[in-house]
Structures are given as structure tokens and as C-alpha cells.
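*Asks:* Take this structure first; my questions come after.
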Amino acid sequence: MKEEEKYLRMSRNERIQHFFLLSSFIVLVITGFWLKFPEAWWVKWIVYIIGENAFEARGIIHRVASIVLILVSVYHLFYLAFNKRGRKLFMDFLPVKKDVTDFKDSMLYLINKRPDKPRFGRFSYIEKMEYWAVVWGTVIMGATGFILWFKDFFFKYISNTGMDIATAIHYYEAILASLAILVWHFYFIFLNPDVYPMNKAWISGLLTKEEMEKEHPLELEKIEETKKLEDNIT
């Protein structure tokens with residue numbers, strides 16, 4: 001039986017970047033809300049598992065995870081700038097006029113005013129929004145996090161008012177980012193009927209032809225057209 005054709009969605013380099021982004025983000029969420037709500041019921045389970053030193057370790061773990069997030073973000077910038085695939089990735093993530101049309105057509109489809117879903121290329125408007133939201137959130141959380149980390153240095157420049165503002169921004173952006181990942185991103189990776197029970201591209205880096213036809217039909221057409229041209233040349 002012929003093996004099903006697969007298409008590269010995420011290279012190994014990109015999957016490694018995603019792994020460090022994902023793992024550092026999850027650690028930051030857990031330790032961040034642990035710092036904010038030390039008496040929460042779920043915190044007691046962590047303390048029970050780790051032991052009495054858990055409270056002493058939470059701040060250190062949070063800072064280490066933040067450094068990992070910053071390092072992978074800096075690496076990602078270099079990847080976008082100096083890697084051919086990275087430069088293509090950046091260009092494909094840029095918003096275009098079609099994204100507005102796709103959003104409108106998606107809403108019409110959801111209310112049964114349009115028979116078919118819009119056909120997406122490499123990245124849909126949803127994936128582009130997620131990507132730029134991560135960029136925005138990393139900048140905001142990184143900046144406010146450093147202010148709170150080195151509060152003795154920054155206090156003389158921004159006073160109590162500035163520290164309170166930085167704390168509020170850091171806290172509410174953390175809530176927003178957590179909900180965006182847990183409710184939005186996780187839905188499209190695990191619960192979306194077109195990929196259920198899971199989109200495996202973040203693990204294997206590959207999508208089947210059927211998955212490409214459902215999620216990225218325009219990208220599939222472009223790949224196949226390029227392949228035909230190459231076959232004709234050779």
C-alpha cells in the first residue's frame with residue numbers, strides 16, 4: 001500500500017523553537033499566578049508534591065523561564081533575518097488584504113450565509129493574529145517583567161506609580177495571554193473538527209495531503225504547481 005504523501009509544515013529548527021516557547025510559557029503561567037495567588041487551592045498541590053522549598057524556588061523558576069523565553073525570541077529574530085526559510089516565514093506572516101476578506105467570509109460561513117469556508121494559504125488570518133499576539137505579548141511581558149525584576153534600579157526613575165502601572169500591565173497581559181493560548185490556540189490545535197484529535201505538525205513537522213486540503217488548500221496548490229514546473233524542467 002502506497003504511503004500517504006506528507007508536506008513539510010514546520011522544520012526541525014522551527015519545532016525546537018516552538019518547544020522552548022511553549023515550555024517556557026507554561027512554566028511562566030504556572031509560576032506567575034503562583035506568585036500572585038500563593039494561597040490558591042492548586043498551589044497547595046504543587047507545594048505538597050515539591051515540598052517546603054517550593055515557595056523559595058518559584059521566583060527562581062519564573063525568572064529562569066523568562067530568560068529562556070527571551071533567548072528563544074532573540075534566536076527567532078536572527079532566524080527570521082538570516083535564514084532563507086525564516087525570511088519566507090516572516091513574509092508569509094505579514095497581513096494582506098485577503099485576510100480581511102477571509103475574516104468576513106468566515107463570519108458569513110459561521111452564520112450560514114456562505115456555503116463554503118474561505119480557502120487559506122500557508123497561514124490563515126487566525127494564525128497570523130496568533131503570531132503577532134505572541135510577538136506583542138512577549139515584548140510587553142518582557143519589558144514589564146524586567147522592571148519588576150530589577151525594581152530597586154527602576155524605582156528611582158518611575159516611582160511607586162510607575163511600578164504599580166508595570167505590575168498591572170504585567171498581570172492583565174498574563175491573563176490575556178493565558179486565555180488566548182488555552183482557549184484559542186489549543187482549540188485550533190486539539191479540538192478543531194478538521195484536525196481532531198490533534199494537529200501533529202508541532203511534533204512531526206508534517207501534514208498529510210488531506211490535512212493540507214482542509215486547512216491550507218491554496219498552499220497545497222502552490223506546492224503542487226511548483227513541483228510540476230520542476231518536473232517539466234528536469
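*Asks:* Which lysines, on any chain, are close to K44 with Cα under 25 Å apart, when same-chain ones fewer than 8 places away are left out?
*Replies:* K36
*Asks:* Pop out the carbon and sulfur fraction of the accessible area of the stretch 92-218 as a percent, whole number, probe 1.4 Å. The partial results should precede the final answer.
*Replies:* Numbers: 5600 of 8050 Å².
About 70 percent, which is the carbon plus sulfur part of the accessible surface.
*Asks:* Only helical DSSP H runs with n ≥ 4 go in: add -39500 (n - 2.57) per run for the chain, normalise by residue count and round the 222 nm mean residue ellipticity to 500 deg cm²/dmol.
*Replies:* Numbers: 10 runs with 170 residues, N = 234.
So the helix-based figure for the chain works out to -24500 deg cm²/dmol.
*Asks:* Something else now. Residues of the chain: accessible area per residue at 1.4 Å, in Å²?
*Replies:* Details: 16090 Å² over 234 residues.
Solvent-accessible surface per residue comes out at 69 Å².
*Asks:* Given [x] 118; [y] 199; [z] 146, which label gives volume of the Cα convex hull per residue in Å³ as computed from the coordinates?
*Replies:* [y]
*Asks:* While we're on this one: Among rounded, prolate and oblate, which fits the stretch 37-137 when a ≥ b ≥ c are the square roots of the eigenvalues of its C-alpha gyration tensor, a/c under 1.5 means rounded, and a/b larger than b/c means prolate?
*Replies:* Numbers: a/c = 4.53, a/b = 1.69, b/c = 2.69.
The shape class here is oblate.
*Asks:* Then there is this: Find out how many positive minus negative residues lie around M129, taking Lys and Arg as positive, Asp and Glu as negative, among other residues whose Cβ is under 12 Å from that of M129. Before the final figure, lay out each step's value.
*Replies:* Values: positive: K128; negative: D99, D102, E127, E130.
Taking every other residue near M129 into account, the sum is -3.
*Asks:* Now for a different question. Can you give the relative contact order of the chain as a percent, counting alpha carbon pairs under 8 Å and 6+ residues apart? Working shown, then result.
*Replies:* Values: 167 pairs, mean separation 64.2, N = 234.
For the chain, the relative contact order is 27 percent.
*Asks:* Using the Cα centre as the reference, give the magnitude of the dipole from point charges on the C-beta atoms of the stretch 66-173 (Lys, Arg: +1; Asp, Glu: -1; all else neutral), rounded to the nearest 20 debye. Don't jump to the answer; show the numbers that get you there.
*Replies:* On the way: 15 positive and 10 negative charges, 127 e Å.
It comes to approximately 620 debye.
*Asks:* Cβ under 15 Å from G162's Cβ, G162 left aside: what net charge do those residues give with Lys, Arg +1 and Asp, Glu -1? Working shown, then result.
*Replies:* On the way: positive: K151, K156; negative: D152, D164.
Computed value for this residue: 0.
*Asks:* Within the set K104/K128; K128/K222; K98/K227; K117/K228; K88/K227, which residue pairs have Cα atoms separated by over 22 Å? Present the calculation step by step, with values, prior to reporting the outcome.
*Replies:* On the way: K104/K128 15 Å; K128/K222 19 Å; K98/K227 25 Å; K117/K228 27 Å; K88/K227 18 Å.
Flagged as over cut-off: K98/K227; K117/K228.
*Asks:* Something else about it: Report in % the part of the accessible area of the stretch 1-77 that belongs to carbon and sulfur, leaving out ligands and nucleic acids; probe 1.4 Å. Provide the component values of the computation, followed by the final result.
*Replies:* On the way: 3810 of 5490 Å².
Of the solvent-accessible surface of the stretch 1-77, carbon and sulfur hold 69 percent.
The values are calculated or read from the model by the stated rules, or taken from the named source; none is laboratory data. What you see is a predicted model, and the numbers here were worked out from it, not measured in a lab. Because the Cβ atoms are built from the backbone with ideal geometry, glycine has one as well, and the counts that use them run over all protein chains shown. Calculation scope for accessible area: heavy atoms of the full protein, side chains included, ligands and nucleic acids excluded. Shrake-Rupley method; radii C 1.70, N 1.55, O 1.52, S 1.80 Å.
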